[in-house]
1. Could you check segment 314-424 for helices (runs of 4 or more DSSP H) lying wholly inside it with 1 or more residues that are touching a helix residue (DSSP H, G or I) at 6+ places or on another chain (Cβ under 8 Å), of a type in the set (A, V, I, L, M) and over 30 Å from THR217 (Cα atoms)?
2. Kindly check whether there is at least one residue in segment 105-116 that is surrounded by 21 or more Cβ atoms within 10 Å (Cβ to Cβ), within 16 Å of the ligand (Cβ to nearest atom) and either in contact (Cβ under 8 Å) with a residue 24 or more places away in the chain or outside any strand (DSSP E or B) (or both).
3. Scan the strands (runs of 3 or more DSSP E) fully inside segment 39-91 and keep the ones with 3 or more residues being more than 16 Å from the ligand (Cβ to nearest atom) and closer than 25 Å to SER488 by Cβ.
4. Test ALA580 against the stated conditions and say whether it is aliphatic (A, V, I, L, M) and without any contact (Cβ under 8 Å) to a residue 12 or more places away in the chain.
5. Are any of the residues in segment 235-258 more than 16 Å from the ligand (Cβ to nearest atom), more than 17 Å from SER319 (Cα to Cα), under 28 Å from the mean Cα position of the chain (by Cα) and buried (at least 18 other Cβ atoms within 10 Å of the Cβ)?
6. When you go through THR81, THR49 one by one, which is the residue that is among the hydroxyl-bearing types (Ser, Thr, Tyr) and over 15 Å from ALA448 (Cα atoms)?
7. Within the set of pairs 6 or more residues apart or between chains, which connect a residue that is closer than 18 Å to VAL542 by Cα inside segment 39-62 to a residue that is basic (Lys, Arg) with Cβ atoms less than 7 Å apart?
Amino acid sequence: MTDRARSATRSGGDPRQAETHCPYCALQCGMVLRETGDRVEVLPRQFPTNRGGLCQKGWTAAELLDHRDRLTTPLVRDPATGELRPATWAAALDRIAAGIRAVQAGHGRDAVAVFGGGGLTNEKAYALGKFARVALRTRHIDYNGRWCMSSAAAAGIRAFGVDRGLPFPLADLGRAETLLLVGANPAETMPPLMRHLADQRDRGGRLIVVDPRVTATARQADLHLQPLPGTDLAVANALLHIALTEGLIDKDYVAARTTGFDEVRRTVAGYWPAEVERLSGVPVADLEATARALGTAGSAIILTARGAEQHAKGVDTVSAFVNLALALGLPGRPGSGYGCLTGQGNGQGGREHGQKADQLPGYRKIDDPAAREHVAGVWGVDPEDLPGPGVPAYQLLDSLGTPGGPRAMLVFGSNPVVSAPRAARIESRLRGLDLLVVADFLLSETAALADVVLPVAQWAEEDGTMTNLEGRVLRRRALREPPPGVRSDLAVLAELADRLDAPASFPTDPAEVFTELRRASAGGVADYAGVSWERIEADEGVFWPCPDPAGPDTPRLFADSFATPDGRARFQPVTHRPAAEPVCADYPLHFTTGRVLAQYQSGTQTRRVAALRRAAPGGFVELHPDLADRLGVTEGDEVRVASRRGELRAPARLTPTIRPDTVFAPFHWGGAARANSVTNDATDPVSGMPEFKICAVRVEKA
Ligand code: SF4
């Protein structure tokens, strides 16, 4: 059955309409796509996450379907001229297969790497992992989710034995008496989520936001803590210190459901609020008010996001907030808990089915003999033939073309030239490859460097599943077939696997791939065995784990036990340490990065949408007016932000909402305004997540 025919059967039989979800962020807002004349209309639809709302990105998503920049033919670089030239599919795929064979013959199997994305469907993420391990037999696969959620994932596994961003449905936010948001700005990144926060406010709840900037979300808070970037961990430890001294700990919960509290108690004893005020700039009174609001509430939720995670100590920072939640007895209690707001569209599902360097489907570990045996059985290969773990994304990208590093790479759904830290260095690594292949539907900055570019289908042209920030598996439905000349990523992998004589089959029908994924994930942490497309449709999504087609799914985790060997959550003693790159006389200011409402990730898509371009036409640098005054900079002046790694140039935007010792730039643009020309490539030792949120810079009028 074609994707369009299958979708039509689920849209009241009308082939001009499809009930699906937004292609962008992890909220995965429900929407209806309708073909009217020669255009595709987007209509919001009621779904538990967005409750009928969409942001501007969702409303305008269909504009890219027929965009003039759409790639509809493969491109192959002409060795004589160095230009990308149109080619047939057969020629492009032959070129790739020959390149892979040559590189592996000369340098070994690990000389070819694969780089995926957190926007790929579950089926594609699964197939990509299988392709790397079975067709290429390389250990080198990782993905851009490493930039986004890996520190909270690692902290969640450390404490709870499982990583599901929200271990409860989003609607629980509305019922929390106190909600603490750390380094999250959903008013700009996920506006429909604010409906749940409005519910919470209407019920008399308190919202507390921790963010170095007075963001659109912080403006709506009852209390805003504005710490110096990189000091969140100390703030969390001070909150736990206060909770201890004021008798707010849930002792029964700690005794019955956790291990390791005594060591954490000893660790946070040294985090005197007055000292943390000196370190972070957060007044003692605000720390006390926050601890009391959390510790005395009948229900409370603590949520972290990129602001807490994107540090060289991101895992420990998240762990500090998890410790606080555990000490207050929140996880597993109705209306309470700890969660992480995942960012990318399939940020959750994309990190469960084998795109990560150390992972097999079902969130299994690739170095676990039982996991290898199970997955190899599903794939019909010998477990001995599966490669071992690779390395995290930045380490992988930084090794490209270097002695012993991969010499070829296949990129699906990612644009590291804009999104990687220390991007100029990564760009030069990509340029040094023998073979770079990019599958995309637009010519991203990374695709522009490729030897072969493959034009692939967009979200409205394919069926599949996504797993949203709640761990809810959703159906993506095709509205129409891809334009002539365009193929699906699954078809690309199947064609290449065939050319490489892969010892396993690579189905091109997403329903068939999902059936295989279910078997591969069965018995794993992220168990999808009981999830069928029909069940997703009937139930507005299915929450994993769902091992049994006839059994229940799991909207809420941890009610009775945690996914650890003894069923108890594990406290982690963690201590504050400075940013990897402290400020100094030459680089006296802190630099931090983030998003704006009208753009998404590296901007490959949203920068091409007219309404979004009008709303957010280019990069900028946010400075406090006092700092601007000292630097002789006025609104709109072009400024140069320089770090030890590179510089960006963009117009100054003066605002009192940022600290005078910190400057901010959004990361959606390439070229001169590329924020990642400046960022630090220090990474967290556990998660491999880069320190996007803080480095040392100097700023001057350009
Ligand atoms: S909030 Fe996210 S999922 Fe919803 S419309 Fe906007 S970008 Fe799409």
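1. Numbers: elements: 314-327, 369-379, 393-399, 416-419.
Where helices (runs of 4 or more DSSP H) fall fully within segment 314-424 and carry at least 1 residues being touching a helix residue (DSSP H, G or I) at 6+ places or on another chain (Cβ under 8 Å), of a type in the set (A, V, I, L, M) and over 30 Å from THR217 (Cα atoms), they are 369-379, 393-399.
2. As a first pass, look at segment 105-116 and keep what is surrounded by 21 or more Cβ atoms within 10 Å (Cβ to Cβ): 111-116.
Within this subset, residues satisfying the condition of being within 16 Å of the ligand (Cβ to nearest atom) are none.
No: zero hits.
3. Numbers: elements: 39-44, 75-77, 84-86.
Filter on segment 39-91 gives 75-77, 84-86.
4. On the way: aliphatic (A, V, I, L, M): yes; without any contact (Cβ under 8 Å) to a residue 12 or more places away in the chain: no.
Against the criterion (aliphatic (A, V, I, L, M) and without any contact (Cβ under 8 Å) to a residue 12 or more places away in the chain), ALA580 does not qualify.
5. Within segment 235-258, none of the residues are more than 16 Å from the ligand (Cβ to nearest atom), more than 17 Å from SER319 (Cα to Cα), under 28 Å from the mean Cα position of the chain (by Cα) and buried (at least 18 other Cβ atoms within 10 Å of the Cβ).
6. Values: THR81 fails: over 15 Å from ALA448 (Cα atoms).
Result of the check over THR81, THR49: THR49.
7. ARG51/ARG195
Quick grid of which residues meet (1) modelled with pLDDT under 95; (2) more than 17 Å from ALA569 (Cβ to Cβ); (3) of a type in the set (Ser, Thr, Tyr):
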| residue | (1), (2), (3) |
| --- | --- |
| LEU248 | no, yes, no |
| ARG257 | no, no, no |
| SER280 | no, yes, yes |
| VAL284 | no, yes, no |
| GLU288 | no, yes, no |
| SER299 | no, yes, yes |
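The values are calculated or read from the model by the stated rules, or taken from the named source; none is laboratory data. Nothing here was measured: the structure is a model prediction, and the numbers come from that model. Using ideal geometry, Cβ is built from the backbone for each residue, glycine included, and neighbour counts are taken over all protein chains shown.
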